[in-house]
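The structure under discussion appears below in the form of structure tokens.
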Amino acid sequence: MVKEIERAGIPVVHMCTVTPISMTVGANRIVPTIAIPHPLGNPALSPEEEKTIRRKLVSRALEALSTEVEDQTIFEA
Amino acid sequence: MSYRVLHYINQFFAQIGGEEMAHVPPELREGFVGPGMALHTAWNGEAEIVKTVVCGDSYFAEHEKEAKAQILEWVKAEKPDLFIAGPAFNAGRYGYACANICQAVQEELGIPVLTGMYEENPGADLRTRVLMVSTANSAAGMRKAAPVMAKLALKLMRGEALGASCEDGYMNNGVRVNFFEKERGAKRAVDMLVNKLNGKPFTTEYPMPSFDRVPPNKAIQDLSKATIALCTSGGIVPKGNPDHIESSSASHYGEYHIAEIDHLTSDKYETAHGGYDPVYANQDPNRVLPVDVMREFEKAGKIGKLHDFFYTTVGNGTAVASAKGFAADYAKKLVAAGVDAVIMTST
């Protein structure tokens, strides 16, 4: 799906936990996330701490979208 | 004396549980478990499964280093004649685990390996490194897959030469072997051409490689003026799943209006995805689709606008061709709506 969005001319960032699969499907901008069933959250934390992590991850994704890339790039947190 | 085999399976096939148990770390059991029986029976005493490694799919994907280290230690101690994994059919994380643990065993311990899965499984990306049998896309294909895997396994253990991929049932691994064809090249080429002209099936002898890569688009220059859309394969839908998006092998996607929504609440949204434990996403759907944080960033002026619609489907055993079609379709809508960038989340 990321490839089709990219093909339509829109930059896209893929946020996912298993980044090798994201590489396989051909995402160009990739941000690794926390866990498969809760990529952008962590139920072990308090709601406030969880939101802080989510802000951090989404900010990283926005940074990825504002960064020029030549090839598939993983934006580690 | 019969050949000794170590088998790798996931928590589901070991009947520990489904997604709610996908986090279990590897354990070692005596003898065969679950699908191992079919292989064991097919070998008819010539080979036997001495031990079975069971590992949760999410555990392997999220703790790959630890899982590999532990399993390699067990395989090393057992010194089997063959390490066999799966078959994983179209289970993505399971296929990924099977292919990667096989590769580790083969490369680090020099023990022959074999796995099996559906051609579109992400694990099949390693087909040129790990020998894998091509299977159906669901466990209903077990009866067909087991004898093919069992036969190929025996060949490997006996040290026999493999036949062509189409003869022995493994996925094309890119290895070419010289041999004499019955017919000369010119005749085979003309036969192919005649079949093609008559609309009959024919098989090329030299398939072109397909590199479907899309080059990255230009970065966003000014986030504070950009409209950004959220999309997901994690199955977030309005409560009750009004468009009936299937929990696996989705046949369509959903488009939902979120202009007045500050954050997704558990009484109004849930996940329709059948391929991961839904508890955490149902408690707080923002853990999969971060509407709350995006809205916050929009109010703070960090981004121009969160797009009024989000696009969602279930990426669980969904055919690549379907997923491609969904996104090609909604990407047109995104372009028409003037969306500047997309955040896609996956589980």
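Here, each number is a calculation from the coordinates, and none is a lab measurement. No experiment lies behind these values; they were computed from the predicted model shown. As a convention, Cβ positions derive from the backbone with ideal geometry for all residues, glycine included, and neighbour counts pool all protein chains shown.
List of remarks:
This table checks each residue for (1) on the phi < 0 side of the Ramachandran plot; (2) of a type in the set (Ser, Thr, Tyr); (3) touching a helix residue (DSSP H, G or I) at 6+ places or on another chain (Cβ under 9 Å).
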residue	(1), (2), (3)
B:Leu230	yes, no, yes
B:His244	no, no, no
B:His252	yes, no, yes
B:Asp262	yes, no, yes
B:Glu298	yes, no, no
B:Gly315	yes, no, yes
B:Thr318	yes, yes, yes
B:Lys324	yes, no, yes
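- Where helices (runs of 4 or more DSSP H) fall entirely within region B:25-95, those with at least 1 residues that are among the aromatic types (Phe, Trp, Tyr) and within 21 Å of B:Gly110 (Cβ to Cβ) are at B:64-78.
- Residues that are within 15 Å of B:Val288 (Cα to Cα) number at least 2 in the following strands (runs of 3 or more DSSP E) confined to region B:215-260: B:227-232, B:236-238.
- Sole residue being more than 20 Å from B:Ala319 (Cβ to Cβ), of a type in the set (A, V, I, L, M, F, W, C) and within 14 Å of chain A (Cβ to nearest Cβ), chosen from B:Ala97, B:Ala88, B:Ala124, B:Ala150: B:Ala97
- When residues of region A:21-40 are limited to those that are within 7 Å of another protein chain (Cβ to nearest Cβ) and assigned to a helix (DSSP H, G or I), the one surrounded by the fewest Cβ atoms within 10 Å (Cβ to Cβ): A:Thr24
- Exactly one residue out of B:Met149, B:Met132 is of a type in the set (A, V, I, L, M), under 24 Å from B:Ala91 (Cβ atoms) and under 16 Å from the mean Cα position of the chain (by Cα), and it is B:Met132.
- Residue among B:Thr347, B:Thr318 that alone is assigned to a loop (DSSP other than H, G, I, E, B) and facing chain A (nearest Cβ under 7 Å): B:Thr347
- Neighbours by Cβ (under 8 Å, 6+ apart or cross-chain): first from region A:54-77, of a type in the set (Lys, Arg); second assigned to a loop (DSSP other than H, G, I, E, B): A:Arg54/A:Leu40; A:Arg54/A:Gly41; A:Arg54/B:Pro290; A:Lys56/A:Ala77; A:Arg60/A:Phe75; A:Arg60/A:Ala77
- Selection count where residues are buried (at least 24 other Cβ atoms within 10 Å of the Cβ), on the phi < 0 side of the Ramachandran plot and either under 12 Å from the mean Cα position of the chain (by Cα) or among the small types (Gly, Ala, Ser) (or both), scope region B:48-86: 4
- Output for region A:45-60, where each listed residue is assigned to a helix (DSSP H, G or I) and touching a Ser or Thr at 6+ places or on another chain (Cβ under 9 Å): A:Leu57
- Members of region B:192-214 found to be in a helix (DSSP H, G or I) and loosely packed, with under 13 Cβ neighbours inside 10 Å, listed by number: B:Leu193, B:Val194, B:Lys196, B:Leu197
- Residue within region A:61-72 that is more than 7 Å from chain B (Cβ to nearest Cβ) and under 22 Å from B:Phe310 (Cβ atoms) present: yes
- Taken together, the residues in region B:96-117 that are surrounded by 24 or more Cβ atoms within 10 Å (Cβ to Cβ) and not in a helix (DSSP H, G or I) amount to 5.
- Candidate set from region B:205-246 (those that are among the small types (Gly, Ala, Ser) and within 14 Å of chain A (Cβ to nearest Cβ)); member that is farthest from B:Ala319 (Cα to Cα): B:Ser224
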